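Right, one structure below, let's go through it.
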Amino acid sequence: MSPVESPESLLNGDRHVKRRRNSTILNPRSYVTADLWKQAPVLKGSTKFEPLPNVRNILVTGGAGFIACWFVRHLTLTYPDNYNVISFDKLDYCATLNNTRILDEFPNFTFEQGDITSPSDVKKCLRKHKIDTIFHFAAQSHVDLSFGNSYQFTNTNVYGTHVLLERAREHGVTRFIHISTDEVYGDVPIGAADLSETSLLAPTNPYSASKAAAEMMVSAYRSSFKLPLITVRSNNVYGPHQFPEKIIPKFIMLLQRRSKLLVHGDGSPTRRYVYASDIVDALDTILHKGAIGQIYNIASKDEISNTDICHRLLEIFGARHKTPQEFQRWVQHTEDRPFNDQRYATNGAKLAALGWRPKTSFEEGLKATVDWYQRFGEVWWGDISRVLTSFPVVEGTEIWTKEEHDALPSDEELGPEENGTVWTKKALSSLQASGGTIA
Ligand SMILES: NC(=O)c1ccc[n+]([C@@H]2O[C@H](COP(=O)([O-])OP(=O)(O)OC[C@H]3O[C@@H](n4cnc5c(N)ncnc54)[C@H](O)[C@@H]3O)[C@@H](O)[C@H]2O)c1
């Protein structure tokens, strides 16, 4: 892979991408070429349970996104004679139908494009497919973006969840499994005990606040309407198929391009990481053995700082990183998030009692992830160059670097036919000043 040498070269990327106003528009419907796609491994979980008699038609919201696509592949391929799987997704900027293309020929798989904030989309889908079980993943999931476009997070994560709950109540379902996050607990000081499911929710950023608010609505529907709900709070998840806005795939793709790793702040915050196939096993376990009305943490012991992620990836890529000088050659510290929790720490004893254990070590999972991105990362979503910059700005499926977005002319300055691909001088110079490539 050739290095990114200048911002101009960023503009000459993937053939699937159309651009307007110095941006990239990603197309979640564009498929990678068949010869390449056929080389992609079919990734899923490893568990298989006795199918449940009252589960037949399972709606998975956000099914073209990262975690849900793993789960959709797992359910479709593991229970072909028992469960029909309906992937329901708006196809936002981070989604791609490449994630479930392998399932297109399977009779127990269907994709429906729809928006969870549209009561009519949801109602139509529940009726058409006689849905009895819902796994609700769809969300705005990227914390960085929530500082800039928080209304979108409240709309999708809170109102969208409310719409699903209300439609599920009217329609009637036997199980509704709501996917939440460890971030709802807020920061856990170093040395404090791991938090159990009964701990207080204390979110600190608009993303985690929207997820906590959604949980309040879930709790209300559980109490008021006896909707058969289960809530799941997972640690950070990583692995193939994750949109490269999140730290691990982003850093892999930057190293792949021989570019510097853009580390927010001092790099000291830690997160606990679960490999994607392990969360799939956890969700399969919760579907088949979890108790209605309960909350389950999905918890890992692999607590890794952002700086440590850099070191581990540099090691895998064979780049010298042991001395501070060697390390700094590959790392650029950028401004931090407006607020950044230092760590999250949850206790997974309740789910362990159902028999779930993570099977993939962080070393193993990271190597498998690097391998996948080296083969498919540059083509899977289209041109991700702008995604790989510090704090990109996203509107719909359109993406700018922060510098480009700051320099965008106002709508009045833009002619109606404006279709430029030329970077404004201001955007170009601030981008060049902000990010280096390795000489
Ligand atoms: N990734 C993690 O580390 C992590 C950790 C804990 C919890 N979670 C939660 O897991 C869920 C999935 O996360 P992910 O990382 O796979 O997300 P993702 O961003 O990869 O995927 C989200 C999917 O939801 C879809 N979507 C967005 N808005 C929609 C709408 N209005 N209607 C229908 N579909 C819509 C998108 O198109 C996309 O396919 C989220 O609820 C997230 O909060 C994620």
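Please enumerate the residues belonging to the range 261-317 that are among the hydroxyl-bearing types (Ser, Thr, Tyr) and in contact with a Lys or Arg (Cβ under 9 Å, 6 or more places away or on another chain).
Here is the first cut: in the range 261-317, the ones among the hydroxyl-bearing types (Ser, Thr, Tyr) are 268, 270, 273, 275, 277, 285, 296, 300, 305, 307.
Answer for the range 261-317, where residues must be among the hydroxyl-bearing types (Ser, Thr, Tyr) and in contact with a Lys or Arg (Cβ under 9 Å, 6 or more places away or on another chain): Thr270, Tyr275, Ser277, Tyr296, Ser300, Ser305.
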**OP:** Considering (1) without any contact (Cβ under 8 Å) to a residue 40 or more places away in the chain; (2) in contact with a His (Cβ under 9 Å, 6 or more places away or on another chain); (3) of a type in the set (Lys, Arg), say which one Lys44 fails and leave the rest.
**Re:** (1)
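Filter the range 84-99 down to residues that are more than 6 Å from the ligand (Cβ to nearest atom) and in contact (Cβ under 8 Å) with a residue 40 or more places away in the chain and give me whichever is nearest to Leu43 (Cα to Cα).
First, pick out the residues of the range 84-99 that are more than 6 Å from the ligand (Cβ to nearest atom): 84-88, 93, 96-99.
Going one step further and asking which of them are in contact (Cβ under 8 Å) with a residue 40 or more places away in the chain, we end up with 84, 86, 88, 93, 96-99.
Working: Asn84: 19, Ile86: 18, Phe88: 20, Tyr93: 22, Thr96: 15, Leu97: 15, Asn98: 13, Asn99: 10 Å.
My answer is Asn99.
Just to be sure, is Leu52 out of contact with any Pro (no Cβ under 8 Å at 6 or more places or on another chain), at pLDDT below 95 and either farther than 23 Å from Pro119 by Cα or not aliphatic (A, V, I, L, M) (or both)?
Working: out of contact with any Pro (no Cβ under 8 Å at 6 or more places or on another chain): yes; at pLDDT below 95: no; either farther than 23 Å from Pro119 by Cα or not aliphatic (A, V, I, L, M) (or both): yes.
Here the answer is no, as Leu52 does not meet what is asked.
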**OP:** Select, from Pro189, Pro203, the only residue that is within 24 Å of the chain's Cα centre (by Cα), surrounded by fewer than 22 Cβ atoms within 10 Å (Cβ to Cβ) and of a type outside the set (D, E, K, R).
**Re:** Pro203
**OP:** Just one of (1) of a type in the set (Val, Ile, Thr); (2) within 15 Å of the ligand (Cβ to nearest atom); (3) under 17 Å from Val143 (Cα atoms) trips up Val263, so point out which.
**Re:** (2)
Original post:
Taking Pro189 and the conditions (1) under 19 Å from Asn205 (Cα atoms); (2) of a type outside the set (Val, Ile, Thr); (3) within 11 Å of the ligand (Cβ to nearest atom), which numbered condition does it fall short on, given that it satisfies the others?
Top reply: (3)
Subject >> Breaking point among (1) among the basic types (Lys, Arg); (2) within 14 Å of the ligand (Cβ to nearest atom); (3) under 19 Å from Ala68 (Cα atoms), for Arg167 >> reply: (3)
Original post:
Condition test on Arg222, is it modelled with pLDDT of 95 or more and either within 13 Å of the ligand (Cβ to nearest atom) or hydrophobic (A, V, I, L, M, F, W, C) (or both)?
Top reply: no
Original post:
Would you pick out the residues in the range 294-346 that are assigned to a loop (DSSP other than H, G, I, E, B) and aliphatic (A, V, I, L, M)?
Top reply: Ala299, Ala319, Ala345
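Inside the range 165-185, can you point out the residues that are among the acidic types (Asp, Glu) and surrounded by fewer than 23 Cβ atoms within 10 Å (Cβ to Cβ)? First the steps, then the outcome.
Keep residues of the range 165-185 that are among the acidic types (Asp, Glu), which gives 166, 170, 182-183.
Passing the criteria: Glu166, Glu170.
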Original post:
Is there a residue being over 19 Å from Ile230 (Cα atoms) and either within 9 Å of the ligand (Cβ to nearest atom) or touching a Ser or Thr at 6+ places or on another chain (Cβ under 9 Å) (or both) anywhere in the range 130-139?
Top reply: no
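The values are calculated or read from the model by the stated rules, or taken from the named source; none is laboratory data. Remember, it's a predicted structure, so these values are computed and weren't measured experimentally. Every residue, glycine among them, receives a Cβ derived from its backbone with ideal geometry; neighbour counts consider all protein chains shown.
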